[in-house]
Amino acid sequence: MCYEPDAVPPVYGSPVTTVTSERLVLTSADGARFAAHLSRPGRPSGPAVLVLPDNRGLSGFYERLTERLAEQGHTALAIDYFGRTAGTDPRSGSDFPFMEHLGKAHKDTLFADIAAGAARLRAEVGEQVVSLGFCFGGRLAFMTALPAFGLAGAIGLYGYPDVLFGNPGPTQMAGELRGPILGLFGGADEGISSEVVHAFGEALEGAGVAHEFVTYPGAPHSFFELGRPELAEACAYAWSRILGFLKRTARGDLTSPRAATMQD
């Protein structure tokens, strides 16, 4: 589990443009309908962002995050994973049995919903779309570096890259992926060890996949959240990395592997 229902994303800074938002219902390749939240900047600049939530699916945290991204010029769309089992109505509170619905989700339908979200963004702004995922969605974001998705880049925050419940992860898929990839991790994340992150980096480097990893010393899992003063510096630094990655992806100048810590 990543964010509680009342969690709020950190703010990067003053908005550079106005924002309009709307809740959507999209249709996947198999005809299934699923919820999404779209935010449009008044003056778009740079790639669009496909937001992939944690294992709770679409929540207020990710709806607000699309608005924070749009404030900085990026059209952003957050999708839900549970349209087939939970419907498309808004959810609130902590009583949603997300683990029950997560257990019914399958990679093929998740990928189909992600592709439908990317297609909606392309209809909005053109071809350049970058994924941005958190926890479960971070793992998925790394997987969206598969050429079939046609994305311009992938950003994963604390996405577990190795084998999980017997299923191969991005580390095992490295030879099939393409860059650029940005991975942001917490140095105090008990669920994702430095060894696991290092192995993922080595696999990508061996496959010639352009990537950049940043580890925030002392930061726990799901550190990217407003209202935690002890993590404010890590949040600000993560924002700068995310927005910088989007700009450099647009220019096409992220081409070499690199690992960093917050001090770099």
Task: Single match in Phe149, Phe200, Phe165 (criterion: of a type in the set (A, V, I, L, M, F, W, C) and within 15 Å of the chain's Cα centre (by Cα)) - done: Phe149
- [ ] Looking only at the stretch 69-103, count how many residues are open to solvent by 40 Å² or more (accessible area, probe 1.4 Å) and either assigned to a helix (DSSP H, G or I) or over 20 Å from Met143 (Cβ atoms) (or both).
- [x] 12
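Pick out the one residue from Phe200, Phe213 that is among the hydrophobic types (A, V, I, L, M, F, W, C) and either modelled with pLDDT under 95 or in contact with a Pro (Cβ under 7 Å, 6 or more places away or on another chain) (or both).
It is Phe200.
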TODO: Can you work out which of the residues in the stretch 104-154 that are part of a helix (DSSP H, G or I) and among the charged types (D, E, K, R) is surrounded by the most Cβ atoms within 10 Å (Cβ to Cβ)?
DONE: Asp113
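Within the stretch 12-62, how many residues turn out to be assigned to a loop (DSSP other than H, G, I, E, B), of a type outside the set (A, V, I, L, M) and surrounded by fewer than 14 Cβ atoms within 10 Å (Cβ to Cβ)?
7
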Task: Selection status of Glu212, of a type in the set (Asp, Glu) and in contact with a strand residue (DSSP E or B) (Cβ under 9 Å, 6 or more places away or on another chain) - done: yes
- [ ] Among what's in the stretch 170-212 and is free of Cβ contacts under 8 Å to residues at least 24 places away in the same chain and of a type in the set (Ser, Thr, Tyr), pick the residue that is farthest from Arg241 (Cα to Cα).
- [x] Ser193
Open item on the list: For the stretch 41-92, which positions are closer than 19 Å to Gly13 by Cβ and among the acidic types (Asp, Glu)?
Closed with: Glu67, Glu71
Task: All positions within the stretch 211-234 that are open to solvent by less than 60 Å² (accessible area, probe 1.4 Å) and farther than 21 Å from Tyr160 by Cβ - done: Ala232
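The values are calculated or read from the model by the stated rules, or taken from the named source; none is laboratory data. Small disclaimer: the values here were computed from a predicted structure and weren't measured. Cβ atoms come from the backbone with ideal geometry, glycine included; neighbour counts cover every protein chain shown. Ligands, DNA and RNA are excluded from the accessible area calculation, which covers all protein heavy atoms including side chains. Shrake-Rupley method; radii C 1.70, N 1.55, O 1.52, S 1.80 Å.
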